[in-house]
Amino acid sequence: MNRTLIIVFGLIFILAAGSAVAQKQVIGSGPIRQFAEDTAINPHDFTDAYYEMNGIISKGIIGRRDGTDGLSVFSNSSNPYHRNIRVIATIPAYDQNGDMIFWYPLGDLQDYGFTDDKVGVFAREMAMQFPIYVFPNMKILDYRTFANNRQAALMDNSLSSTNGQDVNPLGIRVVVVVNYTEKAFQKESYEMMDFMMKKNGASADDTPLIKTMDDLNMLAKHELVDARPWEIAGGRYTISTPIYDPTKGAIAQDAFLWMTTQDGHTLPSEDGFIWQFHCLKKTGNWCS
């Protein structure tokens with residue numbers, strides 16, 4: 001895709017059929033069985049001071065995790081940049097090459113959520129360099145940035161250095177909404193849409209999955225998809241922090257996978273996320 005798509009910024013609630021694929025931890029139900037490493041390496045919310053250090057006003061975070069939201073629990077961390085709020089919701093995505101990523105939702109931001117200084121300006125500019133492309137299912141409304149997609153999100157990390165977490169430590173991303181155009185369903189576009197369907201499989205609304213930036217570029221070039229703001233109150237940016245190394249117990253035993261479903265079932269084309277999540281959770285390593 002032209003980089004014009006990357007600079008399309010949108011107010012969004014990511015819409016699509018979301019589901020907890022693994023059982024959620026019930027608060028107050030007793031001890032949580034987890035790896036001993038459940039300190040710095042597990043997903044946690046960040047402290048107010050760390051957010052401010054990185055250009056974010058903590059009070060400006062929309063839908064911040066609080067330990068009682070069903071997506072996070074109270075849990076200590078040895079990392080001084082963490083609050084004692086551990087995120088158990090794990091969400092899949094594709095990177096720019098179609099490789100699997102797991103990330104956790106910390107909240108959404110609008111422009112007022114950035115600090116009014118050079119650090120805040122830098123954070124906003126950084127977010128624009130790391131877009132997250134989302135694919136809303138227009139038949140389902142859900143006012144959260146991680147729910148009700150027709151497929152897993154696409155994260156463009158092509159501008160990352162070799163140590164991506166230092167470049168964008170919070171995972172702040174501008175949200176870009178992608179939908180198929182009317183042209184995509186016309187006879188002239190059948191061959192390309194059929195090619196994408198055979199290559200990637202079907203999404204929850206039976207349109208082809210879009211797994212890579214090359215896919216998106218090709219479809220945009222032929223005007224089969226567009227990207228535009230979601231013009232409803234919500235987050236223009238999202239704090240979608242990747243689990244940079246999900247091995248060695250980073251996926252806690254009470255974590256669950258939140259991903260797109262169709263009629264209550266996960267998409268056959270995205271079953272790989274389930275297998276990898278299961279292996280990471282049970283063995284601490286990727287499936288072979």
Separation of the I57 and D245 label points, Cα + 7 Å toward Cβ, nm: 3.6 nm
Per-pair calculated FRET efficiency, R0 = 45 Å: K221 and T68 via Cβ, rounded to 0.05: 0.45
Footprinting exposure proxy for T247, T212 (fewest neighbouring C-beta atoms within 10 Å first): T247, T212
HN-Hα J in Hz across the stretch 257-269 - Karplus 6.51, -1.76, 1.60, θ = phi - 60°, x for Gly and Pro: 9, 10, 8, 5, 10, 9, 6, x, 10, 5, 5, x, 6
D116, D226 arranged by Cβ crowding within 10 Å, fewest neighbours leading: D116, D226
Per-residue Cβ neighbour rank within 10 angstrom, fewest leading, Y112, Y244: Y112, Y244
Cα gyration tensor shape of the stretch 58-115, rounded if a/c is under 1.5, else prolate or oblate by comparing a/b with b/c: oblate
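Computed from the coordinates by the stated procedures, all read-outs in this text should not be read as laboratory data. For clarity, every value in this text was computed on a predicted model and none was experimentally measured. Neighbour counts run over all protein chains shown; Cβ positions are idealised from the backbone, glycine included.
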